[in-house]
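Some notes on the structure that comes next.
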Amino acid sequence: MNTNFLVNKLVELLGHKKVLVNPEELYVYSFTAYTVAREEPLVVVKVHSTEDVVKVLRFANEHGIPVVPRGSGTSVTGAAMPTKGSILLDMRPMRKITVDVANGVVEAEAGAFVDEVDKECRKHGFMFPVDPASSEAATIGGALATDAGGLRGARYGTIRHVTLGIEVVLPGGVTMTLGGPFYKQATGYDLMHLFIGSEGTLGVITRAWFKLVPAPKSVGRVVAYFDNVEDAARGVYEVRKRGFSPLIVEFMDDVVVKLVNAIKGLSFPEKNMVIVDIDLPKGALEQTLEEVARVFKATGASITYSTTDPEEMAKLYSVRKQAYPTFATAFPFCFMGDLSIPLSRLPDMVRKIREVSAKYGVTIGLIGHAGDGNLHPLLGVRSKDEWWSRGRPALIEIEGYAVELGGTISGEHGIGLERKDLLIKELRSRGNEVVLEYMKQIKKIFDPKGIMNPGKIFD
């Protein structure tokens, strides 16, 4: 299609201010957190309403133009990477948040930051239970598109587990509301969960309704340090096995802690570190913190520490919050795995990661929401060539081993560009390739012309 015609038509439909075509603007949108690839869109449209999205998808579908929805571009798999010749939908202007305390629901548009939604909920004594480490930058639409989880996944799961309904626009401009601001529904096929985790390949999620969760009134934090990484993983497993219901269970290995200390000027013990948050009434909180600390000591912790002071808790958590940014600072190219495994296999998995790091000569740190078996190996390399020759083969071996342990290659980040071949390998290893064929058929039903985020999840 003639670019001038496309731009003029979009300006006619939406106005000059919403359509970006300057080279410097397109350049900015060509980057995501998937650092080994970039592509400039043909044009960027900043949508401010569902009606804007309808207009773009109706026009794009009529002319067969690819459309890529984008929040903040924080996807580490390339899910938000523009496709060549595409219209990129910048969802960030859609940021309205409404907290309905009477009905226990929060409504948020796709462009709102996860952290913004949480802050609005907390004004009323509630919280938004999904808490990815990138919550200050991650958008609601992106979180839904990838079925994001986060720190509180040990308690609340991923975003699909707290979503009550979504509004979605399909190619051609058809708008559907699936579910809504109510807690139960049994009215036929559950189409809502097809769109959650679909990475924008079926349509554009424009807003959603979520359950409100009471904010904890008293929280305590236990930190345990282990000399041996397998002991740390075993400690996490024992805490869950013994019936504790922690709010978060976070893990950082000594590779991460040492790097954060060096780059951020911190002084944490350079050992494998586990953080557990417990939320209970004050009378029971201190006792439970002590019980958790005893479990860690019994599994090999050399240091344990607990506190209920908010400032001290924030200080203790800073090493986890800084893990990925630190790796991204230390290495020109940083990649994050997303494997998820049965809790009992955590020690096997962390041992394998150390073996793979030595085998390929690649720096691999390990963080994760270990309380739900979701680990994030962090691979740091110096060049794209090093990524393709050593880094990616290492990650493929690690995530392949996760499948051998009865797990999966992705717990909360999705497939995007990066994991398409790994998805096929996982399905093939289980004799389950038919799943991919059904996914492709579903894609054709909702997006018959294939304009929605083409090339993501599968080709």
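The values are calculated or read from the model by the stated rules, or taken from the named source; none is laboratory data. Since this is a predicted model, take the numbers as computed values, not measurements. Please note: Cβ atoms are built from the backbone with ideal geometry, for glycine as well, and neighbour counts cover all protein chains shown. Side chains are part of the model used for accessible areas, which takes the heavy atoms of the whole protein and leaves out ligands, DNA and RNA. Shrake-Rupley method; radii C 1.70, N 1.55, O 1.52, S 1.80 Å.
For the chain, DSSP calls about 85 percent of its internal beta bridges antiparallel.
For segment 39-154, a crude dipole built from +1 on the beta carbon of Lys and Arg and -1 on the beta carbon of Asp and Glu, taken about the Cα centre, is about 80 debye to the nearest 20. Per residue, the average separation of C-alpha pairs within less than 8 Å and at least 6 apart gives segment 337-459 a relative contact order of 27 percent. Would you mind pulling out the separation of the Cα centroids of segment 113-132 and segment 395-409, in Å? Comparing the Cα centres of segment 113-132 and segment 395-409, I get a distance of 33 Å.
Evaluating 6.51 cos²θ - 1.76 cosθ + 1.60 at θ = phi - 60° for every residue in segment 96-110, the Karplus couplings come out as 5, 10, 10, 9, 10, 5, 4, 9, x, 9, 10, 10, 9, 7, 5 Hz, glycine and proline recorded as x.
Measuring between alpha carbons in the structure, the pairs from Lys119/Lys384; Lys96/Lys420; Lys96/Lys184 lying more than 30 angstrom apart are Lys119/Lys384; Lys96/Lys420.
Within segment 186-232, the chymotrypsin sites (Phe, Trp or Tyr not before Pro) that combine a DSSP coil assignment with at most 12 other C-beta atoms in a 10 angstrom radius are Tyr189. Here is the link list: Lys46/Lys264; Lys264/Lys456; Lys321/Lys444; Lys18/Lys84; Lys84/Lys440. Which ones come out longer than 29 Å on Cα distance? Beyond 29 Å between Cα atoms: Lys46/Lys264; Lys264/Lys456; Lys321/Lys444. Over the chain, calculate the relative contact order: mean separation of alpha carbon pairs under 8 Å at least 6 apart, over the residue count, as a percent. Averaging sequence separation for qualifying contacts and normalising by length gives 16 percent for the chain.
Note on surface exposure: Ser267, Ser306 rank Ser267, Ser306 by accessible area, highest first, 1.4 Å probe. Centroid-to-centroid, using Cα positions, segment 319-390 and segment 218-282 are 17 Å apart. Annotation: amide H-H contacts under 5 Å for Thr206 (H modelled 1.01 Å from N, sequence separation of 5 or more, or interchain): Glu167, Val168, Val169.
Backbone geometry of segment 211-225 corresponds, through the Karplus equation with coefficients 6.51, -1.76 and 1.60 at θ = phi - 60°, to 3J(HN,Hα) couplings of 5, 7, 10, x, 6, x, 8, 9, 10, x, 10, 10, 10, 10, 10 Hz, x marking Gly and Pro.
Which one of Ser306, Pro325, Val257 has its Cα pushed farthest toward the positive end of the charge dipole of segment 223-333, where Lys and Arg give +1 and Asp and Glu give -1 at the Cβ? So the residue furthest toward the plus end is Pro325. Compared with the rule-of-thumb size 2.2 N^0.38 Å for a compact globular protein, segment 308-459 has a Cα radius of gyration ratio of 1.18. Put a plus charge on the Cβ of each Lys and Arg, a minus charge on the Cβ of each Asp and Glu, and nothing anywhere else: the dipole of the chain about its Cα centre is then about 280 debye.
For log10 I(q)/I(0) by the Debye sum over Cα atoms at q = 0.09, 0.11, 0.13 Å⁻¹, the listed values are (i) -0.59, -0.93, -1.36; (ii) -0.60, -0.89, -1.22; (iii) -0.81, -1.00, -1.16; which was obtained by calculation from the structure presented? Comparing each candidate, only (ii) matches the computed number.
A cut-off of 5 Å between modelled amide H atoms, ignoring neighbours fewer than 5 places along the same chain, links Leu164 with Trp209, Phe210, Lys211.
Label-to-label distance, Lys17 versus Lys119, with points set 7 angstrom from Cα along the beta-carbon direction: 2.3 nm. Taken about its Cα centre, segment 218-340 carries a charge dipole of about 60 debye when Lys and Arg each add +1 at the Cβ and Asp and Glu each add -1 at the Cβ. Accessible area of Met81 (1.4 Å probe, protein heavy atoms only, ligands and nucleic acids ignored): about 10 Å².
Converting phi to 3J(HN,Hα) with the Karplus coefficients 6.51, -1.76 and 1.60 and the offset θ = phi - 60°, segment 186-191 yields 9, 10, x, 4, 8, 5 Hz in sequence order, with x at every glycine or proline.
Restricting segment 341-416 to trypsin sites (Lys or Arg not before Pro) that sit in a DSSP loop and have at most 16 other Cβ atoms within 10 Å of their own Cβ leaves Arg382.
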